[in-house]
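The values are calculated or read from the model by the stated rules, or taken from the named source; none is laboratory data. Source: prediction; values computed, not measured. Cβ sites come from the backbone with ideal geometry, for glycine too, and all protein chains shown count toward neighbours. What goes into the accessible areas is simple: the full protein's heavy atoms, side chains included, and nothing from ligands, DNA or RNA. Shrake-Rupley method; radii C 1.70, N 1.55, O 1.52, S 1.80 Å.
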Amino acid sequence: NLFSIDLFIANTATGEITERITSPAFNSHVDQYSSYESAVAWSPDSRRIAFVAFAKGRNRLLIAELDGKIREQIDIPGVHSFTNPTWSPDGKTIVVNGLVNGQSDLYAYNLDTKMVRQLTNDLFSDFQPQFSPDGQYIAFATDRLAQTAGGSLQGYSHNIALYNMQTGAITNLDFFPGANNLNPYFGTDATILYFLSDRDGLRNLYTYNL
């Protein structure tokens, strides 16, 4: 409506909206959604969702049931501003991109231990993380290639990179240099990446075979 932003469930085959998650009771816990910066992350069992909202004056990670019941309100220790949650396939970890002291990095929050681990720590901007279906990698958008190109790339651009959850190694994917390549998302078998790129001046959807 005109006065609030709500969460809905839609049927992907038909486009029909099947359920409204939010309610007046739900919204009483939320001051504001990060609606244009943070997508909803589904739990592996599809029974819960995680999303970022301002609640009680703080940036918080909220986990809710599909009936609208808020299960948890999480403050990520040391990370006061964060967006774009992605849920690990084993259900134990949620990774976000956090802004700490003006630096955008990836942080992993363990739902069992309540501990946070910083995955990237550098001067590059790392954001929009997405787990691979096997949980071995995180694809994310970054300005690593643009910042290390020594001015050889025109303007400010972003590439897609992969973070290895076991080794911590980062692999830059160098397709469409100079374009803004954003919003990576794995296919079901972890060999295909979907992403958006403005390589020809218009932002369109592409796939990349790893």
Show the residue pairs meeting these rules: Cβ distance below 8 Å; 6+ apart or different chains; first residue within region 43-67 and open to solvent by less than 70 Å² (accessible area, probe 1.4 Å); second residue of a type in the set (Lys, Arg) and not in a strand (DSSP E or B). GLU65/ARG47; LEU66/ARG47
Can you tell me which residues in region 168-190 are at positive phi and not aliphatic (A, V, I, L, M)? GLY168, PHE176, GLY178, ASN183
From the list SER28, SER38, SER4, exactly one residue is modelled with pLDDT under 80, polar (S, T, N, Q) and touching a Pro at 6+ places or on another chain (Cβ under 9 Å). Which is it? SER38
Looking at LYS114, LYS92, can you tell me which residue is surrounded by 14 or more Cβ atoms within 10 Å (Cβ to Cβ) and among the charged types (D, E, K, R)? LYS92
Considering region 190-206 alone, what residues qualify as being more than 14 Å from GLN130 (Cα to Cα) and either more than 18 Å from the chain's Cα centre (by Cα) or open to solvent by less than 40 Å² (accessible area, probe 1.4 Å) (or both)? SER197, ASP198, ARG199, ASP200, GLY201, LEU202, ARG203, ASN204, TYR206
Could you please tell me which pairs satisfy a Cβ distance under 6 Å, a separation of 6+ or placement on different chains, a first residue in region 181-195 that is in a loop (DSSP other than H, G, I, E, B), and a second residue that is polar (S, T, N, Q)? ALA190/SER132
Considering every residue within region 135-146, establish whether at least one is open to solvent by 10 Å² or more (accessible area, probe 1.4 Å), at pLDDT 95 or above and either within 15 Å of the chain's Cα centre (by Cα) or of a type in the set (A, V, I, L, M, F, W, C) (or both). yes
